[in-house]
Amino acid sequence: MVTRLKSQLGNRKCSEKELGETMNTKSKPNKSGFDERRLDKIKLLRLRPMKSAPAIPEEGLSAQTPAEGASAQTSTLEIIGNTPAAAAFGEKGAKRGKSQKAKGANAMPEEPTADKANGKRAISEKAKPEKKAKPEKAKRERAKPEKKAKPEKVKGEKQKKPKREKMPPPSPLLDVPFADEAEKEACAAFIADLNRRITLREKEKAALIRDFEMAIAYLARSGVSVTEALRRLDAQNLGGFYSRPSGAWYALDNAAKIYPLSMKHGTMAVFRLSVYLKEAVVPEILQMALTFTIKRFQSFATTVKKGFFWHYLDVTKRRYVAEPESGVPCSPIYIERSGSQSFRVVYHDKRISVEFFHILTDGTGGTIFLKTLVAEYFRLLEGTKARGEGVLPINELPAAEETANAFRQVKTEGKASGFVDKTAVQFGGRLAGVRPCRILHFKMDAQQLKAAAKRHGATVTAYLLALMFVAGRRATDKIDGEFSIQVPVNMRKFYPSNTLRNFSLYCGIRLPLRDISDPDALVGEIARQLEKKASREAMDEMVRAANQLTKVLSFIPLFLKAPVARVIYGFLGDGIFSTTFSNLGVVTLPPELSGRVESMDFVLGTAITNRVSCSMVTVGDTATLTIAKNTADPSFEEALYALLMRDGAEPQVEGSDLFEG
């Protein structure tokens, strides 16, 4: 039969597979998984298999093309089953049948003859089924509801599921015990006023209004009348900060320009200031205190952005969040996302902590921010107002001096030096994967510490430096080289300034390892170096050296200068010191706060290669020396503790367990 068909088709080449499909001599599953042998399962009448080709007149077969034969057979199946081809073979099978009809129409456009019609009737008669479907089953089949056709999937396009709209949580004001209808109406008017004043994105706006509602609910539960709660939370405390888009930006100060360039070198310059209250922190009140305080510190309400030559600070209007503490202290702050903040406020039990990316401020500016935040917290909680001693009025406009680059006060003429030094010996111990891997606080009576320093004939800073040199000598196996301790210097004591931005530099106190033995033998040399290297003349020389380096890099595009700056910071700035000791000195608080604050601490983030960073702050009668560790080796802190105990300082040690990655 195949031979006869080939002879009648002439020169047109056709595969045996195509011929088989045209003749329909063998049942075979198509691509959709359908098997013609199971036609009866979907209510199509079963065809009788043909052992040989049907008797078709030679004239009709010779005039019929394969495409026409396929078309005729498809029509016969549709008529017999009274079912569309798409239902029997799936959409792909129906499309294939249509395409075959189209191809046949294009190839042989001539009209069908009577012979062809006779051939079709012959095939139809041969293909009549032996049995008919039972009428009862047919009725049941017709009674079934038709399934809706699924939309076709486009290749490469993901089918997105419709998002379910989340219902907003119930308002905290539902549980507020209003005294009368007037209080309820006043509260509703208060919320309406907030809606007019806040022009943030809808999600942030809703969260900010909910912050107000939660604060009102807490104060009402605490026995404060709703009228008094609304007075403390007056929407005028927002000013216009949340009502208008930001348009301000700030160039980085001289000390801040290196910090964003060093981030990809495995470190980020972050420091933390914490205050310990006598009672547990109320999160609802702390959140509102931050909302009111941040508008006064507009250079803090910023996002770090990249310019063509330098990074800069862009003022960002958003809801700044106070969160429960969960991570490692001084861990890097994620600033890559647009609108991200460059500081974080966290709380735990009785502690309020603020962690700053050093690009924003130094220890002095950070202390002013923390004191103002705590003062606003107690104003909202208790209604008491604290002024002075570094607490800024939150509703006053920031002075231009607060955001000034104070390094410009230093004269540019003169000698420039002190910016570069030789490498120093590092403490022993393997570098930890989590940095810092441990935080330790040595809390001491301030008067006992001062008396111990006086017995050695030194200031508190010089005395503690001497102890650190001796403790560090016991934390390394090296016998040659020099130890060097970096000591930050507040430039405000030479150039009075109210800037809240960076205005600090540093000096390096260096001693040969072979000369380090007993603290008494070191105090004199350390005091001499502090007097010389931390002087105004030495600091001016360093400022000029830093300015020269900045000037050289000024007109180099940021993407080119960043690798150079990372090398300088990573292999010179960090490597020339063994450790750092930053002493903020005595922090004074207003009388309204001093009775509510137990103590403070100051934590430096760890550097790239330095195993230890030390810092200290004194509040009232408590001096807190903090050690941020970059290694699990306990040699340094154990030696330092023994030396302090020997001199009668008697530190009380607190801190964290070992953080492991």
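The values are calculated or read from the model by the stated rules, or taken from the named source; none is laboratory data. Remember, it's a predicted structure, so these values are computed and weren't measured experimentally. Glycine gets a Cβ as well: all are built from the backbone with ideal geometry, and neighbour counts include every protein chain shown. Each accessible area value is taken on the protein alone, full model and side chains, heavy atoms only, with ligands, DNA and RNA left out. Shrake-Rupley method; radii C 1.70, N 1.55, O 1.52, S 1.80 Å.
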Could we say that Ser262 is over 18 Å from Phe378 (Cα atoms), of a type in the set (Gly, Ala, Ser) and modelled with pLDDT under 90 here? yes
Being among the β-branched types (Val, Ile, Thr), open to solvent by 10 Å² or more (accessible area, probe 1.4 Å), closer than 21 Å to Ile368 by Cα and under 15 Å from the mean Cα position of the chain (by Cα), is that true of even one residue in segment 313-322? yes
Considering only segment 641-659, how many residues are within 22 Å of Thr476 (Cα to Cα) and in contact with a Lys or Arg (Cβ under 9 Å, 6 or more places away or on another chain)? 1
Filtering segment 619-649 down to residues that are in a loop (DSSP other than H, G, I, E, B) and either farther than 18 Å from Val470 by Cα or within 37 Å of the chain's Cα centre (by Cα) (or both) yields Gly620, Asp621, Asn630, Ala632, Asp633, Pro634
Any idea which residue in segment 163-187 is nearest to the chain's Cα centre (by Cα), counting only those that are among the hydrophobic types (A, V, I, L, M, F, W, C) and within 16 Å of Asp234 (Cβ to Cβ)? Cys187
Suppose we filter Lys454, Lys422, Lys450 for residues that are touching a residue at least 40 places away in the same chain (Cβ under 8 Å), surrounded by fewer than 20 Cβ atoms within 10 Å (Cβ to Cβ) and not aliphatic (A, V, I, L, M); which single one remains? Lys422
One residue is enough: does segment 626-649 have a residue meeting the conditions at pLDDT below 95, under 15 Å from Val460 (Cα atoms), of a type in the set (Asp, Glu) and open to solvent by 10 Å² or more (accessible area, probe 1.4 Å)? no
Which listed residue is of a type in the set (A, V, I, L, M) and over 25 Å from the mean Cα position of the chain (by Cα), from Leu230, Leu273: Leu230
Quick one: Ser656 ticks every box in (1) at pLDDT below 95; (2) closer than 30 Å to Thr384 by Cβ except a single one, so which number is it? (2)
Return the pair list, or none, for Cβ contacts closer than 8 Å from residues in segment 222-245 that are in contact (Cβ under 8 Å) with a residue 24 or more places away in the chain and open to solvent by 30 Å² or more (accessible area, probe 1.4 Å) to residues that are small (Gly, Ala, Ser) and assigned to a loop (DSSP other than H, G, I, E, B), at least 6 apart or on different chains. Ser225/Ala179; Glu228/Gly383
Given (1) aromatic (Phe, Trp, Tyr); (2) over 24 Å from the mean Cα position of the chain (by Cα); (3) under 30 Å from Lys306 (Cβ atoms), number of the condition Tyr218 does not satisfy: (3)
Flag for Val275 being open to solvent by 10 Å² or more (accessible area, probe 1.4 Å), of a type in the set (Val, Ile, Thr) and in contact with a strand residue (DSSP E or B) (Cβ under 7 Å, 6 or more places away or on another chain): no
If you scan segment 425-447, which residues turn out to be assigned to a loop (DSSP other than H, G, I, E, B) and either buried (at least 18 other Cβ atoms within 10 Å of the Cβ) or modelled with pLDDT of 95 or more (or both)? Val425, Gln426, Phe427, Gly429, Ala432, Arg435, Pro436, Cys437
In segment 598-618, what count of residues is obtained for those that are open to solvent by 10 Å² or more (accessible area, probe 1.4 Å) and not in a loop (DSSP other than H, G, I, E, B)? 3
Here the residues within segment 405-424 that are charged (D, E, K, R), in a loop (DSSP other than H, G, I, E, B) and farther than 14 Å from Cys507 by Cα are Lys411, Glu413, Lys415
